[in-house]
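Just so it is clear, none of the values below were taken in a lab; they were calculated from the coordinates. Given the structure is predicted, the values throughout are model-derived calculations rather than measurements. So basically every Cβ, Gly included, is an ideal-geometry build from the backbone, and we count neighbours across all protein chains shown.
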């Protein structure tokens, strides 16, 4: 078992298992820290779609690459042994701002209880990432698949805690949805704007060190973990990693998950 300090409470109802003293350091600024504030708000759905296309993420034109972002430090050779999962990054527009649907997972679940995540989960046998993400979003928050248009992909990533290979699918909604949380899986369904995520002070990076290797670690073994404090919640881990890639694309900065 890894040596860990007592977990500290966050603004949300979850507990984050930070490493012990001496194995955690402050991280670097947000990737968009040099982008003027005026470019970090007023990002409409059309603008986001244009930037996803420019980044080569159009689902109709390009296939997601096979390599995964090794968030957990897993070697690439183990990816085939992970459970295939997909999440839906569902986006709609309100008052000129693109907004993203998120959930807070039930405190009764076996894994990731109380954490903020996208609607999603493990794929059924033979199910595509798109079909699985749509199915899970319908089951968890009542999104009608007929009203959802899958448009883009973000990089897949592996998670050590759940042994999953997560494939994010970006989709658009023609109107603001009525979300109905399935209480056995979801405690809260809510949305945040890209402007909320890109606002000064919303993002922070910590650098952690664990006894076992992690992807992206420096020479001393410290690797980056991302956090967002928005909407009364702390978003971290894989969800924050996916949001960071989307935010980088949205403001036109290089996607470098460091």
Kirkwood Rh (inverse of mean 1/r, distinct Cα pairs), the stretch 179-257, angstrom: 14.3
From the alpha carbon gyration tensor of the stretch 25-251, can you work out the equivalent ellipsoid semi-axes (sqrt of 5 times each eigenvalue) and give them in Å, largest to smallest? 24, 22, 18
Where does the stretch 103-227 land on Rg/Rh, using Cα atoms and the Kirkwood Rh? 0.99
What share of the DSSP beta bridges in the stretch 25-251 is antiparallel, in percent to the nearest 5? 80
Quick check: pseudo-label points 7 Å beyond the Cα along Cα→Cβ at residue 220 and residue 83, how many nm apart are they? 3.6
With an 8 Å Cα cut-off and a minimum separation of 6 or more residues, compute the relative contact order for the stretch 25-251 in percent. 28
